[in-house]
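K.L.:
My questions will all concern the structure given below.
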């Protein structure tokens with residue numbers, strides 16, 4: 001059977017990247033004033049801090065560095081940095097262009113993210129929704145705090161590509177619209193620590209729950225969850241075994257064990273796919289496919305970079321092709337799925353696990369054929385769609401309350 005995937009060549013990636021860029025430029029900031037004349041950004045700041053103080057139903061208390069929540073000034077500064085394209089070396093990328101607010105704070109169009117000059121990155125951009133609860137960051141868990149993670153893309157050569165931290169700090173110091181903002185938030189100017197603290201402070205406010213599942217399971221609201229989704233939940237914690245990795249607690253659920261597992265995806269991409277010969281089914285437009293000789297597709301652009309997962313961090317051979325268990329909250333908004341974005345729909349993900357992943361010697365013992373029917377698969381997908389929080393639109397409005405920083409804005 002031919003493999004169906006989107007056009008993975010450099011030209012397509014560049015085209016989509018440009019479309020994303022123009023879309024980001026055209027999204028206006030929301031009015032700075034509410035109907036009563038008050039500052040809407042101040043309201044968003046208050047709401048953001050309120051989410052940290054009292055997370056939505058279904059979420060546990062938010063872990064905070066030093067048990068201190070960010071200030072309103074830090075959150076506002078972090079939001080500004082998050083949306084500022086001027087912080088990339090060539091002025092084209094912001095954090096929000098790989099973590100698009102309207103797309104579940106990820107990117108729905110691409111299996112893997114696009115970096116500087118349209119370069120295809122190795123992995124899918126993970127959502128930032130509920131990132132405050134992550135014990136390790138990135139698919140391989142190589143960072144342990146949001147503060148440290150925030151810096152990494154800013155200096156990665158294939159992402160925002162600043163040549164050094166010092167260059168980035170000097171760049172921010174030259175932008176007059178940042179005058180006094182770091183001092184107001186932290187009592188000192190921009191630096192590697194304060195930049196990370198600001199962006200992480202904003203990211204910790206991106207809390208989303210009180211989903212239909214939460215209202216049914218934790219709130220005791222009968223009828224909040226549709227019967228098919230209830231059936232899917234029973235499968236999730238029962239026959240399908242999903243809850244072995246995507247944990248559900250008595251009082252809250254993050255739907256992750258924070259651990260690393262080999263599902264066969266990384267092994268297949270490294271060992272099997274390079275020797276495949278069948279045609280590649282390319283999607284030219286929604287619902288329009290064409291089969292293309294594999295050698296023609298793979299002969300354009302650079303070959304996919306090697307990806308050994310958690311092994312790249314620990315150098316332990318047992319960690320080859322292990323990747324972090326993602327949270328499933330808001331998963332209906334964050335397609336495509338898995339660390340490489342290889343599964344485009346929730347149903348496709350369930351079918352992958354129903355087949356037992358890609359069998360090989362290192363496969364996690366929890367991954368096994370499940371014997372699910374098509375009705376079971378539909379029920380599980382319905383349950384997963386019930387995990388969408390009720391405040392996502394408010395989080396998008398929060399993000400878009402900040403004007404995007406574009407090259408030429410308030411520069412010397």
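K.L.:
Among DSSP bridges having both ends in the chain, what percentage is antiparallel? Round to the nearest 5. Present the calculation step by step, with values, prior to reporting the outcome.
P.N.:
Values: 12 of 18 bridges.
Close to 65 percent.
K.L.:
How high is the FRET efficiency between residue 273 and residue 167 when r is their beta carbon distance and R₀ equals 41 Å, given to the nearest 0.05? Before the final figure, lay out each step's value.
P.N.:
Details: r = 38 Å, r/R0 = 0.92.
For residue 273 and residue 167, the calculated efficiency is 0.60.
K.L.:
Would you look at the GNM of the chain, springs on alpha carbons closer than 10 Å, and say which of 401, 270, 120 moves the most?
P.N.:
Between 401, 270, 120, it is 270 that shows the largest mean-square fluctuation.
K.L.:
Across the Cα atoms of segment 80-228, what radius of gyration and what greatest pairwise Cα-Cα distance (Dmax) are found, in Å?
P.N.:
17.7, 57
K.L.:
Roughly how compact is segment 196-239, stated as its Cα Rg over 2.2 N^0.38 Å to two decimals?
P.N.:
Working: Rg = 15.5 Å, N = 44, 2.2 N^0.38 = 9.3 Å.
Rg over 2.2 N^0.38 Å, computed on Cα atoms: 1.68.
K.L.:
Report the rotationally averaged projected area of the chain based on its alpha-carbon convex hull, in square nanometres. Intermediate values should be presented prior to the final figure.
P.N.:
Values: hull surface 84.9 nm².
Dividing the Cα hull surface by four gives the mean projection, 21.2 nm².
K.L.:
Same structure, new question: Given a Förster distance of 41 Å, report the FRET efficiency between residue 259 and residue 90 from their Cβ-Cβ distance, rounded to the nearest 0.05.
P.N.:
Numbers: r = 38 Å, r/R0 = 0.92.
About 0.60, to the nearest 0.05.
K.L.:
Rounded to whole Å and sorted largest first, what semi-axes of the equivalent ellipsoid does the C-alpha gyration tensor of segment 145-271 yield via the square root of 5 times each eigenvalue?
P.N.:
Details: eigenvalues 345, 105, 24 Å².
Values for segment 145-271, descending: 42, 23, 11 Å.
K.L.:
Follow-up. Over 10 Å intervals from 0, what percent of Cα-Cα pairs in segment 230-291 sits in each interval?
P.N.:
Values per bin, smallest distances first: 17, 26, 22, 31, 5.
K.L.:
Something else: Which number do you get for Rg(Cα) / (2.2 N^0.38 Å) in segment 212-385?
P.N.:
Numbers: Rg = 18.1 Å, N = 174, 2.2 N^0.38 = 15.6 Å.
Normalised by 2.2 N^0.38 Å, the Cα Rg of segment 212-385 equals 1.16.
K.L.:
Using a 10 angstrom cutoff on alpha carbons, build the Gaussian network for the chain and name the most mobile of 107, 230, 297.
P.N.:
297
K.L.:
List the relative contact order of segment 77-151 as a percent without decimals, with contacts defined as Cα pairs under 8 Å and 6+ residues apart. Don't jump to the answer; show the numbers that get you there.
P.N.:
Working: 91 pairs, mean separation 12.7, N = 75.
With pairs under 8 Å counted, the relative contact order is 17 percent.
K.L.:
Another question about this same structure. For segment 262-304, list log₁₀ I(q)/I(0) at each q in 0.34 Å⁻¹, using the Debye formula over Cα point scatterers of equal strength and ignoring solvent, two decimals each.
P.N.:
-1.09
K.L.:
On a C-alpha basis, how far is the centre of segment 157-204 from the centre of segment 351-412 in Å? Whole number, if you could?
P.N.:
Measuring centre to centre over Cα atoms gives 30 Å.
K.L.:
With every atom except the alpha carbons ignored, what do you get for Rg and Dmax of segment 301-372, in angstroms?
P.N.:
13.8, 40
K.L.:
Which whole-number percentage describes the relative contact order of segment 212-385, with Cα contacts under 8 Å and a sequence gap of 6 or more?
P.N.:
Values: 232 pairs, mean separation 50.2, N = 174.
Relative contact order here is 29 percent.
K.L.:
Name the most mobile residue of 350, 75, 272, meaning the one with the largest mean-square fluctuation, in a Gaussian network model of the chain with Cα contacts below 10 Å.
P.N.:
Among 350, 75, 272, the largest mean-square fluctuation in the Gaussian network model of the chain belongs to 272.
K.L.:
Taking the simple approach of a point 7 Å from Cα along Cα-to-Cβ for both residue 46 and residue 156, what is their distance in nm?
P.N.:
About 3.8 nm, to one decimal.
K.L.:
If you don't mind, another one. How long are the semi-axes of the ellipsoid equivalent to segment 117-170, from square roots of 5 times the Cα gyration tensor eigenvalues, in whole Å, largest first?
P.N.:
Working: eigenvalues 87, 47, 16 Å².
Taking √(5λ) for each Cα gyration eigenvalue gives 21, 15, 9 Å.
K.L.:
Whole angstrom only: what separates the Cα centroid of segment 118-133 from the Cα centroid of segment 51-114?
P.N.:
If you average the Cα positions of each part, the centres end up 11 Å apart.
K.L.:
Turning to a different aspect of this structure: If I model a spin label as a point 7 Å beyond the Cα along the Cα-Cβ vector, how far apart are those points for residue 183 and residue 390 in nm?
P.N.:
Calculated label separation equals 4.4 nm.
K.L.:
Quick check on segment 197-312: what are the equivalent-ellipsoid semi-axes from the Cα gyration tensor, as sqrt(5λ), descending, whole Å? Intermediate values should be presented prior to the final figure.
P.N.:
On the way: eigenvalues 291, 90, 64 Å².
Gyration-tensor ellipsoid for segment 197-312: 38, 21, 18 Å.
K.L.:
Could you tell me the relative contact order of the chain? Use alpha-carbon pairs under 8 Å, at least six residues apart, and round to a whole percent. Walk me through the numbers before you get to the answer.
P.N.:
Numbers: 734 pairs, mean separation 104.2, N = 412.
Relative contact order, the chain: 25 percent.
K.L.:
Evaluated at 4 °C with a viscosity of 1.567 mPa s, what Stokes-Einstein diffusion coefficient in µm²/s does segment 339-412 have when Rh comes from the Kirkwood expression over alpha-carbon pairs? Mind dumping the intermediate values first?
P.N.:
Details: Rh = 16.2 Å.
Reported coefficient: 80 µm²/s.
K.L.:
Rounded, prolate or oblate: which fits segment 51-118, taking a ≥ b ≥ c as square roots of the Cα gyration tensor eigenvalues, rounded meaning a/c under 1.5, else prolate when a/b beats b/c? Don't skip to the end; give the middle numbers.
P.N.:
Values: a/c = 3.02, a/b = 1.62, b/c = 1.87.
Oblate, because a/c is 1.5 or more while a/b does not exceed b/c.
Taken together, the values in this text are just the output of simple stated rules run on the coordinates, not laboratory data. Note that the structure is a prediction, hence the values are computed from the model and not measured. So basically every Cβ, Gly included, is an ideal-geometry build from the backbone, and we count neighbours across all protein chains shown.
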